[in-house]
1. Treat each spin label as a single point 7 Å out from the Cα along the C-beta direction, and report the residue A:164 to residue B:130 distance in nm.
2. Evaluate E = 1/(1 + (r/R0)^6) for residue A:389 and residue A:463, where r is the Cβ-Cβ distance and R0 equals 45 Å; express this FRET efficiency to the nearest 0.05.
3. Using only atoms on other chains, find how many Cβ atoms lie within 10 Å of each Cβ of peptide A:299-308 and report the average.
4. Once you place label points 7 Å from the Cα toward the Cβ at residue A:81 and residue B:118, how far apart are they in nm?
5. Going by C-beta contacts inside 10 Å, put A:294, A:435, A:401 in order with the fewest on the left.
6. Sorting B:30, A:148, A:251 on the 10 Å Cβ count, fewest up front, what's the list?
7. May I ask you to sort A:266, B:152 by Cβ crowding, counting other Cβ atoms within 10 Å and putting the fewest first?
8. Other chains near B:133-144: what is the mean number of their Cβ atoms within 10 Å of each residue's Cβ?
Ligand SMILES: Nc1ncnc2c1ncn2[C@@H]1O[C@H](COP(=O)(O)OP(=O)(O)OP(=O)(O)O)[C@@H](O)[C@H]1O
Ligand SMILES: [Mg+2]
């Protein structure tokens, strides 16, 4: 009879499957960061004056700031002068006009990632704005979306074609001085996605971006801005993978969501950045600021995330519930294995009356994985009738990993109702034995139990993403029956 | 089908089974009775391959194979089924999903084509009728929020779907109301077959009235201290286990 824990080990120690590199020529700035770097990035992108000024202001703020120390993560100090801040595949310099013009090497990369761009787009009705390192290489379905007045393009394009929208909304959710990494991103961000849904329009398809860090030593600083105007609806999917490397790579993105009156934004992420090897060498440092602003009454923003990758994750997708009756949701599955560290959670800031928020967080730790849930629920004085429900569950596989929960609750209005539930459990020996006694392999038994544990979050994901998420957790598809 | 010889097993360093001898042939139904803590569940779990129980001596042959050398899932796929005394809950995993995955894992092992969703549903609904279970149970998470009796019925549903060669039912009758007991008994009886065998662990004669066993064994202090026909169960019902004290535990311990 084999020892349970050793078999468990085999399953949770699967090798990273997206660790290949694409050989394309790159147009790259030298290492290091200075005012000159910021000016060069802005110039390469042919940006309007206001944006350069904005970047420079952010850079100057950043110089005065220091990295946050409060998170439960540990890493050697990052040398910001040893990072390349801009890298664009050279063959993309003039920008592809259509998919046919896209470098076949790049398209192959996406195919290896499981997103054959054209097919996927056609079959699934997904518009993919694929970001390859710093430049958006292909955007599909733009024309179809344009019929509805929807703008879905790379951030750089938005700067060229819709500078007034960029100017109006950029930095209004995550101000440049918000935190160290957000300030850095504001100074040097290279590209990302931009979405604008006009009033009353329901976006007819899921919008999807695949981010991928390719070139060595390239910090990736994307910037995403999504605006749902009054009564608009959009569902946005973000997926991430990165090739295998020994050195650590920094990824400091900023995502801003704005929902005006009666608007709704659903933002889903499956993050599978390279987590480093078993000893903790290499892997992505994922220091991301994601925030949504429910600016109008009856607006709604939902974050759903499945985080399985990165060496270190530092991420708190948040919602500011400004409008009355606004709704904020956060559904999260985070998995840490080997030496991975994750400090993740959310902030729900209730400002409007009768605002509601729901937080469901599922943490899975295996190996020496370290995980912290850090959540803030703040009910402002004016937020009468506000409600929050928080549920944080941790599942431990093996006995060398750990999970911690840090819920912060600040209530300034007596009519508010805040509920918090938390649980920590080990994967049940009884459950595993039961599943195997019914004929399932150890691997399938673990998958099934973990999958069941994450069920409440997976059901929030769009179908195809749910499938991917389950696969990512080494789980076969549940729900093929019934 | 099953030949257990001088089986000793321990939990941690505490010896529980102290020399079990038992032979079960195809077509037979054996009942195992005995006081609380005598080792009935331990025996059942050792046969199923539970890891935290160490076999310290003895052998078990199942269909000519060395059962103790097989992994838990290999035993299951070879047709060994254990209905648990305390069925576990698996939050978030649909009952129907578990059943389908289990059946297909076993079919695959036997070289049979896996059943698709439609075929499987037809099969399982049929079995549910037999168990008089409501269809809604299929879509609930495995045993989550099930009543004690519903959990036991669910175990028998799994048995009915998997059609095992050797079924070990550990106190499946405990906690069942009279109607449920009949339903479970019907389920069990419908699986009786010249090619299959069953071991029923029970404390009560009432189960043995509806499922007549071929043999009854009394397990006490980690050994089978008495074996007999169905009449032994009647006797026990009347006398209890007080007589055990006077009977040497070395006593007759094989049944064939
Ligand atoms: N995990 C364990 N740790 C310590 N002792 C155990 C463990 N499992 C079983 N035992 C002990 O082994 C002995 C036999 O237990 P077992 O469950 O096999 O009895 P049983 O005959 O099934 O009893 P019951 O009729 O109450 O179900 C008991 O004394 C029990 O306390
Ligand atoms: Mg027992």
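1. Result: 7.3 nm between the two label points.
2. Efficiency computed from Cβ-Cβ geometry: 0.95.
3. Mean partner shielding for this stretch: 0.
4. 7.0
5. A:401, A:435, A:294
6. Numbers: B:30 22, A:148 14, A:251 25.
Result, fewest neighbours first: A:148, B:30, A:251.
7. Values: A:266 21, B:152 25.
Taking fewest neighbouring Cβ atoms as first place, the list is A:266, B:152.
8. Numbers: counts 0, 0, 1, 0, 0, 2, 2, 0, 2, 7, 1, 1.
Taking all residues of B:133-144 together, the mean is 1.
No value in this document is a laboratory result; all are computed from the given coordinates. Just so it is clear, the structure is predicted and the values come from calculations on it, not from any experiment. Neighbour counts run over all protein chains shown; Cβ positions are idealised from the backbone, glycine included.
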